[in-house]
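Only one structure is covered here, and it is reproduced in the block below.
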Amino acid sequence: MRVAADGTTVLTSRNNNDFTGRFPELAGTLADVLGGRRAVLDGEIVALDEAGRPDFGLLQNRGTTAAAVAYFVFDVLQLGDDVLLDLSYDERRAILEGIEPPDKNLVAITPFTATPTSRPPA
């Protein structure tokens, strides 16, 4: 998900296919919370079943069903003018967790538990 400073949102697949038109309900959902900052977020568009669980079959058949969709975010790659790729994942997650989506039914920050850093043998 790429969000411009004016809130314009572009959703692309890992193959750079534009899915913005297929999921208009996700466009602009983070504009207010980003406060005019650009952002590049990594995540997954999912269709949710009646219990709120991701269901790949519903996503594949979305044109024939009225399945609710959400964007599950798990990384932030850019925020404002800061490209965050040189930061560790833990550092990027701390930044991501500072972004509070206004509608968690549309955009959700996925849970994350940091693992202890391994130490080399003495």
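The values are calculated or read from the model by the stated rules, or taken from the named source; none is laboratory data. Bear in mind that the values here come from a model prediction, so they are computed numbers and not experimental data. No Cβ is skipped: glycine too gets one built from the backbone with ideal geometry, and neighbour counts run over all protein chains shown.
Details
- Subset tally (residues that are assigned to a loop (DSSP other than H, G, I, E, B), farther than 18 Å from Asp82 by Cα and under 15 Å from the mean Cα position of the chain (by Cα)) for the stretch 9-36: 8
- Among the residues of the stretch 63-83, those that are of a type outside the set (Asp, Glu), out of contact with any strand residue (DSSP E or B) (no Cβ under 6 Å at 6 or more places or on another chain) and closer than 23 Å to Thr9 by Cβ comprise Gly63, Ala66, Gly80, Val83.
- The residue that is nearest to Leu106 (Cα to Cα), counting only those in the stretch 67-86 that are small (Gly, Ala, Ser) and part of a loop (DSSP other than H, G, I, E, B), is Ala67.
- A Cβ distance below 8 Å, combined with a sequence gap of six or more or placement on separate chains, defines the contacts here; from the stretch 85-104, residues that are of a type in the set (Val, Ile, Thr) reach residues that are assigned to a helix (DSSP H, G or I) in the pairs Ile99/Val33; Ile99/Leu34.
- Considering (1) under 21 Å from Phe23 (Cβ atoms); (2) in a loop (DSSP other than H, G, I, E, B); (3) at pLDDT below 85; (4) out of contact with any helix residue (DSSP H, G or I) (no Cβ under 9 Å at 6 or more places or on another chain), the lone condition that Arg119 does not fulfil carries the number (1).
- Selection within the stretch 87-112 - out of contact with any Gly (no Cβ under 8 Å at 6 or more places or on another chain), assigned to a loop (DSSP other than H, G, I, E, B) and closer than 17 Å to Val33 by Cβ: Glu97, Gly98, Ile99, Glu100, Pro101, Pro102, Asp103, Lys104, Asn105, Leu106
- Only listed residue being surrounded by 11 or more Cβ atoms within 10 Å (Cβ to Cβ) and of a type outside the set (D, E, K, R), chosen from Pro102, Pro111: Pro102
- When the criteria are applied in full, Asp55 fails the requirement of being surrounded by fewer than 12 Cβ atoms within 10 Å (Cβ to Cβ) and of a type in the set (D, E, K, R).
- Of all the criteria given as (1) in contact (Cβ under 8 Å) with a residue 60 or more places away in the chain; (2) surrounded by 13 or more Cβ atoms within 10 Å (Cβ to Cβ), the one not satisfied by Val46 is (1).
- Filter result for Gly28 (surrounded by fewer than 16 Cβ atoms within 10 Å (Cβ to Cβ), within 18 Å of Leu96 (Cβ to Cβ) and of a type outside the set (Val, Ile, Thr)): no
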